[in-house]
Structures are given as C-alpha cells and as structure tokens.
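Scroll down for the structure; my scribbles are underneath it.
Every read-out reported here was derived from the displayed coordinates using simple, explicitly stated rules and does not represent laboratory data. For clarity, every value in this text was computed on a predicted model and none was experimentally measured. Cβ placement follows ideal geometry from the backbone for every residue including glycine, while neighbour counts extend to all protein chains displayed.
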Amino acid sequence: MYKSLNSLNERIIKCVKCQRLVNFRESVALKKTKRFIKDNYWGKPVIGFGDPNAKIIIVGLAPAAHGGNRTGRVFTGDKSADFLFKCLHQAKLSNQPYSIHLNDGLVLKNVYMTPALKCVPPEDKPKAEELKKCFVYLSEEISYLENAKIILALGKIAFESCVKLFNLKPSLYKFIHGAEYSISKKLKILACYHPSPRNVNTGKINEEQMLEVLNIVSKC
Ligand code: SF4
C-alpha cells in the first residue's frame, strides 16, 4: 500500500496536466505575499498526508495559494488550517492544535487528509475539466486507503468529487452540512462546510459544529 501511495505521490508532484493551474501555482510561488515574502514557496501539486491505515479520510477542495501551495502540505499555514487543527486536536485526531509548516511535528491520528484538486486554482474556482483531470489521482489515492470507513468531505466540491468517484447519482447525494450517506459497502461520506475564513467569519460553521462532525467520524 505504502509503495503504491508513494509512487502515486511521485507522479502527482510532477504533474503538469492543467496548464492554467501550473501557471497559477508557479506565479503565486514567484510573486508571494508580503507576510511570507522570505519563504521558499512549494509551488507544485500538493499530495495527501497522514496515516494510510486510517479509518477517516478528510477531503478538502484544493491547496490554498499561501497555505498548501506555500508550505507543500494541505491545510498547513493558513487560516483554514488554524481553525481545522484546533478542532482536530480537541477531537483527539491530531497530536497538536496547529499545522504551520512541514517540520512542525504534526501527526494525524487515524486520519488521512487530501485535497480533491492537487493544485491551487485561481480564486478557489477550479474548472470542470481540471477537476476531471485530477480526479484520477483522488480515485487511485482512495483505492489505496484500504481501512477507510468514512470520508469527511469539506465543502461542496470535495463532496461532489467523492460522489462522482463512486459513480453515484448526484440527485440522491445532496451536499447538506452534517448529512451522512453510504457510498459503498464499506465506506460512508459525511458532508461538512469547508472551514474557510469566509465560512467561519460569517458563522456558517463554528467550532461546536465542526466538533460535532469530527465526533461522528471518530466513532466510525
Ligand atoms: S490539478 Fe491535478 S491534474 Fe491538474 S496539474 Fe495539478 S495535479 Fe495535475
């Protein structure tokens, strides 16, 4: 399993299938932003990380421009990560309440985390053909996570990507925060609002709601 996942990840990191996203991820890495001006940005596709034997898979949308695209790890070094890891730690699914850089000592517990789209899209809006191209990676990746019992899909795009992955009828699988569905004989999916600053600041999701969702997946 590890060998297959490792070789998949090696292929993903070299991927240049979506020219628009290749240009964008590299231009963000070159221009940077003021507060991270001294950092060496990753600027490449961002692979999954965590425990390949985990029962819980957390699927996000894509790396953030100055988060994962900078640090090289999904949900690392941005506001979404601050919120998510505070909650993951409270739910005992990570060893620390922060995810700030690759060598910060973070260990996920019973969790594997990955973006549905491996490259940062402009304005967080991927095109359908980009999702389609990247979808093959997500599909292969999930096939290696043999002990998984539940997918926690963060946001509508991540949720819909997973529904597509299992050839399910979208009309029967609606993205509703907290809704849980069976998607195969051994796997369930739970929909959750993305922990983006916009959703957190507007009150669409708060720590209590996120913890409720994390407690459900922890019990699987
Ligand atoms: S989004 Fe996926 S398919 Fe497109 S370039 Fe990045 S890794 Fe490749």
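Some observations on this one:
- Comparing Lys169, Lys204, Lys188 in a Gaussian network model of the chain (Cα springs below 10 Å), the most mobile by mean-square fluctuation is Lys169.
- Per-residue 3J(HN,Hα) values for region 107-123, derived from phi via the Karplus relation 6.51 cos²θ - 1.76 cosθ + 1.60 with θ = phi - 60°, read 10, 8, 10, 6, 9, 10, 10, 8, x, 5, 10, 7, 10, 5, x, x, 6 Hz in sequence order (x marks Gly and Pro).
- Nitroxide proxy distance, nm - points 7 Å out along Cα→Cβ at Thr202 and Val22: 3.5
- Phi-based couplings in Hz for region 42-47 (Karplus 6.51, -1.76, 1.60; Gly and Pro marked x): 5, x, 10, x, 10, 8
- Subtracting the Cα-Cα distance of Asp39 and Glu140 from their residue separation scaled by 0.36 nm leaves 33.2 nm.
- Ranked packing of 132-141, 145-154, most packed first, by mean Cβ within 10 Å: 145-154, 132-141
- Rounded to the nearest 500, the helix-only mean residue ellipticity at 222 nm of the chain stands at -11500 deg cm²/dmol, with each DSSP H run of n ≥ 4 adding -39,500 (n - 2.57).
- Lys185-Lys31 FRET efficiency (beta carbon distance; Förster radius 45 Å; 0.05 resolution): 0.45
- Over every Cα atom in the chain, the radius of gyration and the widest Cα-Cα span, Dmax, amount to 16.1, 48 Å.
- In terms of Cα atoms, the Rg and Dmax of region 55-178 work out to 14.3, 42 Å.
- Label-to-label distance, Lys14 versus Cys220, with points set 7 angstrom from Cα along the beta-carbon direction: 3.3 nm.
- Residue exposure sequence - Ser184, Ser161 - by fewest surrounding Cβ within 10 Å: Ser184, Ser161
- Leu211 versus Asn6: modelled label distance in nm, points set 7 Å from Cα along the beta carbon direction: 3.9
- Sequence-separation-based contact order of region 2-218, relative, with Cα cut under 8 Å and 6+ spacing, percent: 22
- Panel order for Glu129, Glu180, by other beta carbons found within 10 Å of each beta carbon, from fewest to most: Glu129, Glu180.
- Exposure proxy order (Cβ contacts within 10 Å, fewest to most) of Arg198, Arg20: Arg198, Arg20
- If R0 equals 35 Å, the separation of the Cβ atoms of Glu123 and Ile176 corresponds to a calculated FRET efficiency of about 0.90.
- Here the dipole of the chain is about 400 debye; that uses its Cα centre as origin and unit charges on the Cβ of Lys and Arg (positive) and Asp and Glu (negative).
- Options Val120, Asn23, Ile58, ranked by Cα towards positive dipole end of region 1-130, top entry (Cβ charges): Asn23
- The 3J(HN,Hα) values that the Karplus relation (6.51, -1.76, 1.60; θ = phi - 60°) gives for region 142-159 are, in residue order, 5, 5, 7, 8, 5, 8, 5, 10, 8, 9, 9, 9, 8, x, 5, 5, 4, 4 Hz. Gly and Pro appear as x.
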